[in-house]
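Student: Shown below is the structure under consideration.
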Amino acid sequence: MQSQLVYHGDYLLSLDKSKDLDSIGYYLSEHLRIAGGYWTLNALACVRRLYDIPQEKKGNLIEWLKGCQNADGGFGGNTNHDSHITNTHYGILLSFLLDTEVNYDAAANYIAQRQKPDGSFEGDKWGEVDTRFSYCALSSLTLLNKRHLIDIQKAAAFVKECRNYDGSFGGIPDAESHGAYVFCCVGTLFLCEEMTFNIDELAMWIHERQTNKGGLNGRPEKLADVCYSWWMYSALCIIKRENWINQKSLENYIIQCQDFDGGIADRPGNQVDVFHTFFGLAALSLINGEAYNLEPIDPVFALPRSILLKKEHVNKYLV
Amino acid sequence: MMHGTVKRKEELTPVEKQARDQKAAKVLEMTDYFFKVRKGEVAAPDDPLAFTELMAQLCTEIATIYNYRREILEKQIAQLKENDAASLSKLIQKEFQLITILLKKHPKSYTLWTHRQWTVLQSIEIDKVLKEKELPLIQSVQTEYLLCVKMLQMDERNFHVWNYRNWLNSVTNFANDEDKFLKQKIEQNFSNFSAYHFRSKYLLKIHNNNDSLKARVITEGNLGIIPIPKNILEEELELISQAIYIQPKEHGVWLYQRWLIGVIQPFGIRNIIITNDKVEIYFNKKAQKISNHLVFSCPIELLNEEQFGDKIIYKKPEQDHFLVSLNNRILQQIDDPYIDQDTSSRFVLNQQITITENKVYGVANDLNDVYEFVIQTTKQKIEFLKEVIKEEANNHFAYIQILYLYRYLVSTLSLTKKIDDLKSIIDEAFDYSQKLVKFNQSQVSLYLNNQWKESYEEALQQKGGWL
């Protein structure tokens, strides 16, 4: 049984060098490189090692990031990949973490063009709609101070259509309520300043997601996964119902998901990856950051609070 | 990212390493070439479809591959639409087959499901244009339901499949026995919350639309406006009662029962207070834009309406005598039956309240039979839950559920004039909330206990504020 925070700094700093991997995963996830960059750097920021990235490496990352932005203003998952709203959002977040600038006007325009007449957002010109994209849009445009480019009321109205009778939220109208979509929908409604739904019912639904081992599952009768610690605990912070789950048990579950050699997995004993490492750390930073000397990650924007405090126009959206 | 992958304890063997390195090299080589082709830096291969098929099999999750493939398919479809229906049909069918193979290893890939939806939409468009109806693609689309059945057998909670199936229902008109399918899924496994969830959506879609409600009013009279027809409601409640007996420790079964009882509870005015200069109207639930649905017999000025609240304040009008009404639009034969509020119920019963010299007179209910049905059904289920609680004394779900149902009952009773009934019910509910906190001190229990304590104290002082 673990009881303390493993040292994750080295695991994170050496991710790109670790070709000695057990699976082909690295090579098949090249479309996730921009997301991976965001998870890695954000996790480093959380454990206060962001500034340990060597200058040359940082320079290379910045150049690579800029190369991911396409002529249409959007970002792809890697250089030469087609634009998508999720990758555009990651690109913007990564630029903040790298303390650099990309073409924000073009990115904002790409995002604004994704809004459809019913207020929803498509992922790219091929038309898939999902509340993940609503969240990417509201978060990005708020961070860039370009909220006026979209119809915020309609954006909120669409997300409200995704609310279910159980008090929680899904990805599209009619979709089943799901823990990850709680983050997207609550984040979006918060940024739209439309928290006009029954908050206690949502908190009660989230309360039932906590399993015997302390971890949260995403839906009734599913297995716990460390990433839900972030998706739903952040929402509880936004609606100010943090103690509607057993925080100590959740904290303990995340600790158990660590690997002694660094990294965090979805469940105790499983293979680690940077995605779960980031979400585990970010959740811990909210539950009991001080005890672990973790930099608080903002529950709405999923970025270090210290970075967000520097942007005046964002301050009114910090919980 | 990895889900559900157990940690490998040993290093890869040299043979495994070699295999991995070979595959890695192949992936790098092919993706490098793919992106050069995409950018126009090298000539496209002779058979770009075959090439993208290869890429999709090698790196299934790279979305750009499918974007490029769709561009090629669009061109081919445009060409073949002119004069070669047979080849076009074959092309689309091969596309469905390819995606099916890829879905076997990647059943939860957004990229693949989006591509499949695109292919369905292409089929629908092509059918509109093609004159040779002997090869309608829409039949291929019909077999999509079989794919859904198969994939749900492998993973009955795969929301991509459920969403895709639901989407197919909206874009096609197949006489698909949704009722039977959903019921089967539930009977196969009472824990399948996805099935309950979609059943709730299905029931509302079928029974709570303008045409259906209008038809039901003709055959059932006033009871026809209840969102779910009486006989169906009773069947579903019976089904879920069984499920609760079988699996009382699972969240899902309680949610579905809660929905069934919740969806029939009406929204309405529970009190009106007249002061020197204001008219305050209180509702039994929170909602948005309620003012849109109130009708006054005289001009009146809106002073304050919360974005999401249960009261509205107007300026007191000049007239000594006026009426305020909330109407069921189906009974009034207006086309839009819905009041914009929490999605748990969009159900309104006629209320017409007369105000004379600052006194409020409640309304005549020509809808007593509806109120009676709702109240009796709710009470019956409360009795059922009391029995469950006897068997499951420490099951917090049962207590939370009974408290929810008591809340519904109070909310509906507050629209009628049955004050005494109301007080004794609040007593009972408060008692159950006290029992809950005795064995369960979660914030949820404390919250519910507080709520009922407030209701109890208000009732004692007769401050509940009911018509």
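Student: What number goes with the only condition from (1) in contact with a strand residue (DSSP E or B) (Cβ under 6 Å, 6 or more places away or on another chain); (2) surrounded by fewer than 17 Cβ atoms within 10 Å (Cβ to Cβ) that B:Thr275 does not pass?
Tutor: It fails just one condition, (1).
Student: Right, B:Lys90: more than 30 Å from A:Cys227 (Cβ to Cβ), within 11 Å of another protein chain (Cβ to nearest Cβ) and at pLDDT below 95 or not?
Tutor: Here the answer is no, as B:Lys90 does not meet what is asked.
Student: Search the stretch B:240-271 for residues being among the β-branched types (Val, Ile, Thr) and open to solvent by less than 10 Å² (accessible area, probe 1.4 Å), and hand back the single one that is farthest from B:Ile186 (Cα to Cα).
Tutor: That would be B:Ile269.
Student: With open to solvent by less than 40 Å² (accessible area, probe 1.4 Å), within 14 Å of another protein chain (Cβ to nearest Cβ), at positive phi and not acidic (Asp, Glu) as the only criterion, which of A:Gly262, A:Gly280, A:Gly269, A:Gly215 stands out?
Tutor: Answer to the selection: A:Gly262.
Student: Looking only at the stretch A:285-315, which residues are touching a strand residue (DSSP E or B) at 6+ places or on another chain (Cβ under 9 Å) and surrounded by 20 or more Cβ atoms within 10 Å (Cβ to Cβ)?
Tutor: A:Ser285, A:Leu286, A:Glu295, A:Ile297, A:Asp298, A:Leu303, A:Pro304
Student: For the stretch B:26-40: of the residues being out of contact with any helix residue (DSSP H, G or I) (no Cβ under 8 Å at 6 or more places or on another chain) and more than 9 Å from chain A (Cβ to nearest Cβ), which is surrounded by the most Cβ atoms within 10 Å (Cβ to Cβ)?
Tutor: Taking the candidates together, the pick is B:Tyr33.
Student: A further question follows. Could you check the stretch A:55-100 and list, in sequence order, the residues that are open to solvent by less than 30 Å² (accessible area, probe 1.4 Å) and away from chain B (no Cβ under 14 Å)?
Tutor: Of everything in the stretch A:55-100, those that are open to solvent by less than 30 Å² (accessible area, probe 1.4 Å) and away from chain B (no Cβ under 14 Å) turn out to be A:Leu65, A:Gly73, A:His89, A:Gly91, A:Ile92, A:Leu93, A:Leu94, A:Ser95, A:Phe96, A:Leu97, A:Leu98, A:Thr100.
Student: Also: Could you tell me which residue of the stretch A:147-168 is nearest to B:Leu403 (Cα to Cα), considering only residues that are hydrophobic (A, V, I, L, M, F, W, C), within 11 Å of chain B (Cβ to nearest Cβ) and open to solvent by less than 10 Å² (accessible area, probe 1.4 Å)?
Tutor: Residue satisfying both the conditions and the ranking: A:Cys162.
Student: Kindly establish whether A:Ile199 is touching a Cys at 6+ places or on another chain (Cβ under 8 Å) and open to solvent by 20 Å² or more (accessible area, probe 1.4 Å).
Tutor: Here the answer is no, as A:Ile199 does not meet what is asked.
Student: Another question, if that's okay. For the stretch B:354-467, please list each of the helices (runs of 4 or more DSSP H) lying entirely inside it that holds at least 1 residues being open to solvent by 30 Å² or more (accessible area, probe 1.4 Å) and closer than 18 Å to B:Gly268 by Cβ.
Tutor: B:368-391, B:396-413, B:419-439
Student: Tally the residues that are more than 14 Å from every other protein chain (Cβ to nearest Cβ) and out of contact with any Leu (no Cβ under 6 Å at 6 or more places or on another chain), restricting the search to the stretch B:73-87.
Tutor: Residues flagged as more than 14 Å from every other protein chain (Cβ to nearest Cβ) and out of contact with any Leu (no Cβ under 6 Å at 6 or more places or on another chain) within the stretch B:73-87 amount to 10.
Student: Right, another one. Given the conditions (1) modelled with pLDDT of 90 or more; (2) under 29 Å from B:Thr60 (Cβ atoms); (3) among the aromatic types (Phe, Trp, Tyr), and given that A:Tyr51 satisfies all but one, which numbered condition is not satisfied?
Tutor: Among (1) modelled with pLDDT of 90 or more; (2) under 29 Å from B:Thr60 (Cβ atoms); (3) among the aromatic types (Phe, Trp, Tyr), A:Tyr51 violates only (2).
Student: Which members of the stretch A:235-255 meet the condition of being surrounded by fewer than 24 Cβ atoms within 10 Å (Cβ to Cβ) and of a type in the set (Gly, Ala, Ser)?
Tutor: A:Ser249
Student: While we're here: Working only within the stretch B:289-303, note down all residues that are open to solvent by 90 Å² or more (accessible area, probe 1.4 Å) and not in a loop (DSSP other than H, G, I, E, B).
Tutor: The answer is B:Asn292, B:Glu301.
Student: Might you let me know whether the stretch B:125-137 holds any residue that is open to solvent by less than 50 Å² (accessible area, probe 1.4 Å), modelled with pLDDT under 95 and assigned to a helix (DSSP H, G or I)?
Tutor: Yes: one or more hits.
Student: Now for a separate question. Looking only at the stretch A:220-234, how many residues end up being touching a His at 6+ places or on another chain (Cβ under 8 Å), over 22 Å from A:Tyr7 (Cα atoms) and surrounded by 22 or more Cβ atoms within 10 Å (Cβ to Cβ)?
Tutor: 1
Student: Can you tell me which residue in the stretch A:116-141 is nearest to A:His81 (Cα to Cα), limited to those that are more than 12 Å from every other protein chain (Cβ to nearest Cβ) and surrounded by fewer than 22 Cβ atoms within 10 Å (Cβ to Cβ)?
Tutor: The residue in question is A:Lys116.
Student: Limited to the stretch B:1-25, what total is found for residues that are within 12 Å of chain A (Cβ to nearest Cβ) and over 42 Å from the mean Cα position of the chain (by Cα)?
Tutor: Residues that pass the stated criteria total 14.
Student: Pairs needed: first member in the stretch B:55-70, at the interface with chain A (Cβ under 9 Å from one of its Cβ atoms) and under 12 Å from A:Trp126 (Cβ atoms); second member anywhere, polar (S, T, N, Q) and in a helix (DSSP H, G or I); C-beta distance under 7 Å; at least 6 residues apart or different chains.
Tutor: B:Ala63/B:Thr111; B:Tyr66/B:Thr111; B:Tyr68/B:Thr52
The values are calculated or read from the model by the stated rules, or taken from the named source; none is laboratory data. Because the structure is predicted, anything quoted here is derived from the model rather than measured. Cβ sites come from the backbone with ideal geometry, for glycine too, and all protein chains shown count toward neighbours. For accessibility, only protein heavy atoms count, side chains too; no ligands or nucleic acids. Shrake-Rupley method; radii C 1.70, N 1.55, O 1.52, S 1.80 Å.
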